[in-house]
Amino acid sequence: MPRIFHPLEAYSNSAAEYRLLPFRFLRLDNEAELLVNEVGEFVVSPKGTAQALVRKQLIPGSDTYLTLRAKQFITDDSSSPLLDLLATKYRTKHSFIEGFTKLHIFVVTLRCDHSCHYCQVSRQTMDKNTYDMGLDTAEKSVEMMMKSPAQHLTLELQGGEPLLAFDVIRHIVPLAKRRATGLGKALDIVVTTNLANATDDMLYYLRDENIKVSTSLDGPAFIHNANRPRPGNNSYELTIQNIERARKILGVGKVAALMTTTQLSLQHPIEIIDEYVRRGFHSIFLRPISPYGFAVKTKKKTGYQIDDFLKFYRTGLAHIIRINQDGYNLAEVYAKIVLTKIMTPYGTGFVDLQSPAGAGINVLVYNYDGDVYATDEARMLAEMGDQTFRLGNVNTHSHKDIFTGEPFLSLVSASCNQSLSGCSDCAFQLFCGSDPVFNHATQGDMVGHRPPSDFCRRHMQVMKHLFGMISERDPELMRIFFAWIRNSSLREICEGAPS
């Protein structure tokens with residue numbers, strides 16, 4: 001469908017009397033360019049608009065002029081004096097910073113019964129109990145979590161396979177709830193599990209404690225079993241069986257699934273998405289593989305070029321939109337996150353797309369041995385021998401030590417894309433973020449270099465694709481996009497999901 005926008009009216013050769021407000025721009029294609037101001041207001045306009053705007057050649061009273069003035073790209077003597085609205089909009093867009101660290105990930109064990117090729121966890125075999133979190137360490141981790149000024153916390157219990165250390169979970173949950181209640185804090189709890197070891201008693205406990213479940217589903221059997229092998233080669237069958245069992249006990253809305261894209265997945269976007277529909281899910285996150293842990297060792301088998309992933313993503317997104325057009329509500333989570341940032345006044349709690357970066361500021365990871373890391377990926381680097389992002393240990397460091405120590409301060413110094421070369425003048429800056437941990441892992445430098453960065457290319461290309469779709473102003477497409485956004489709670493948008 002062709003784009004619909006105001007044509008750029010003939011502009012004056014003499015400078016008009018208006019003043020520029022901060023904005024960035026990008027050419028979308030040979031016809032259109034995108035202009036974005038400091039608070040996320042945007043205009044898709046004909047090529048040449050930015051040049052005419054900067055040269056002050058727009059004709060006062062024209063549609064383009066009035067649109068840019070209304071969206072606070074320019075100001076003149078007739079403008080509203082309420083430019084303080086820009087400050088309000090800026091504060092709202094960055095509201096995810098308020099309260100500081102909201103997501104707290106507890107690695108209760110490294111033991112696991114799966115051998116997933118792409119796993120970013122340095123897993124241990126089933127019988128190595130020395131890799132379970134000790135109860136004293138668990139208690140100190142809870143105390144550290146409660147030092148966060150956030151009034152609404154999310155506790156994520158993961159591994160390894162956390163259900164293999166269910167006694168640790170049963171120790172942490174009541175303690176965390178008592179401490180949160182005593183401090184007047186709200187607390188959500190999620191357990192990230194493959195469900196293979198879930199007994200009915202475990203599931204009833206999760207139900208009674210109002211704990212949500214996040215599991216893995218990589219697609220139909222031939223993909224899931226290849227990506228996530230286990231003894232018996234029945235990972236898929238166990239997963240489907242236990243998803244249904246968990247839904248019956250906890251409720252359908254308490255069980256979510258995530259997929260990871262491997263080389264095999266790239267060839268089958270339609271089959272993967274159709275599996276999610278067949279299993280009654282209403283969201284799917286088309287996630288690329290991460291360059292950490294076992295995923296590095298198995299790169300030849302599971303890895304791929306970012307352009308191959310982008311092709312997979314575009315094909316998958318188009319299929320998801322067709323599914324919605326046919327009447328089934330299925331949201332693609334990454335698109336939903338970006339569209340929320342583009343089409344609402346809010347930022348999101350998604351830590352990968354935040355500036356300052358979410359590492360440490362919005363998420364902390366407490367390892368089984370008490371070590372504290374800025375992100376789960378930072379923990380994986382440590383397992384590979386790189387301790388750069390180890391912030392301290394709950395047994396030897398205070399909350400103040402963690403957040404005033406050199407590792408955290410070095411991380412924060414490279415975490416604001418407003419001051420990073422290649423980001424500071426990018427039109428997508430406000431919708432994107434920074435990832436010093438990824439930069440360090442892939443380029444050996446927290447600041448990183450944007451041109452060869454897969455992080456940069458992936459986010460830029462997906463955002464460019466979404467803006468291209470928005471600019472078509474297809475009513476049915478916009479209905480679908482707004483439905484995805486509306487299905488997010490305000491707290492989910494502002495504070496912490498998905499992580």
Accessible surface of the stretch 373-499, 1.4 Å probe, proportion on carbon and sulfur as whole %
52
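What does DSSP give for the chain in terms of the percent of beta bridges that are antiparallel, rounded to the nearest 5?
Numbers: 18 of 46 bridges.
Around 40 percent of the beta bridges assigned by DSSP in the chain are antiparallel ones.
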At the level of C-alpha centres, the distance separating the stretch 20-39 and the stretch 303-329, in angstrom, is 26
In this structure, the FRET efficiency calculated for Leu310 and Ser410 from their beta-carbon separation, with R0 = 30 Å, to the nearest 0.05, is 0.45
Pairs of alpha-carbon atoms within less than 8 angstrom and 6+ residues apart define the contacts here; what relative contact order does the chain have, in percent?
17
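Rg to Rh ratio, the chain, alpha-carbon atoms and Kirkwood radius? Could the numbers behind the result be given before it?
Numbers: Rg = 23.8 Å, Rh = 24.1 Å.
Reported Rg/Rh, Kirkwood definition of Rh: 0.99.
Would you tally the net charge around Thr75, using a Cβ to Cβ cut-off of less than 14 Å, leaving Thr75 out, and scoring K and R as +1, D and E as -1? Let's see the in-between values first.
Numbers: positive: Arg19, Lys56, Arg69, Lys71; negative: Glu17, Glu38, Glu41, Asp76, Asp77, Asp84.
Here the charged neighbours net out to -2.
To the nearest whole percent, what portion of all C-alpha pairs in the stretch 323-400 is separated by more than 14 angstrom?
Values: 2087 of 3003 pairs.
Summing the P(r) of the stretch 323-400 above 14 Å gives 69 percent of all pairs.
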Report the one residue of Leu411, Phe431, Tyr304 whose Cα lies farthest in the direction of the positive end of the charge dipole of the chain (charges on C-beta: Lys and Arg +1, Asp and Glu -1; origin at the Cα centre).
Phe431
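Can you give the Kirkwood hydrodynamic radius of the stretch 366-499 from its Cα pairs, in Å with one decimal? Show your work: numbers first, answer last.
Working: mean 1/r = 0.0576 Å⁻¹.
Mean inverse Cα-Cα distance, inverted, gives 17.3 Å.
Suppose all protein chains stay in the model; what accessible area per residue would a 1.4 Å probe give for the chain, in Å²? Don't skip to the answer; put the middle values down first.
Values: 20800 Å² over 499 residues.
Counting only protein heavy atoms, the per-residue value for the chain is 42 Å².
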With a Förster radius of 45 Å, plug the Cβ-Cβ distance of Ile97 and Asn234 into 1/(1 + (r/R0)^6) and report the FRET value to the nearest 0.05.
0.50
Longest principal axis of the chain (C-alpha) makes with the long axis of helix 269-278 (C-alpha) an angle, in degrees to the nearest 10, of 70
Could you state the angle between the C-alpha long axis of helix 333-343 and the longest principal axis of the C-alpha atoms of the chain, as a value from 0 to 90 degrees rounded to the nearest 10?
30
Points 7 angstrom from Cα along the Cβ direction at Asp200 and Arg486: gap in nanometres?
4.1
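Run the numbers for Arg279 and Ala87: contour at 0.36 nm per residue of separation, minus the present Cα-Cα distance, in nm. Kindly include the intermediate steps, with their values, before the conclusion.
Numbers: separation 192, 0.36 × 192 = 69.12 nm, distance 4.49 nm.
Additional length available on full extension: 64.6 nm.
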Rounded Å value of the spacing that divides the Cα centres of the stretch 388-451 and the stretch 206-245
34
Compute the angle between helix 235-250 and the longest alpha-carbon principal axis of the chain, please, reported from 0 to 90 degrees and rounded to the nearest 10.
80
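For the stretch 8-93, what ratio Rg/Rh do Cα atoms give with a Kirkwood hydrodynamic radius? All intermediate terms of the calculation are to be shown ahead of the outcome.
Working: Rg = 12.7 Å, Rh = 13.2 Å.
Across the stretch 8-93, the Cα-based Rg/Rh ratio is 0.96.
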Pop a pseudo-label 7 angstrom from the Cα along the beta-carbon direction at both Asp401 and Asp208 and give the gap in nm to one decimal.
3.8
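The values are calculated or read from the model by the stated rules, or taken from the named source; none is laboratory data. As the structure is a computational prediction, the values presented were derived from the model and not from experiment. Cβ: placed from backbone, ideal geometry, glycine included. Neighbour counts: every protein chain shown. Note: accessible area is taken over every heavy atom of the protein model, side chains too, but ligands, DNA and RNA are not part of it. Shrake-Rupley method; radii C 1.70, N 1.55, O 1.52, S 1.80 Å.
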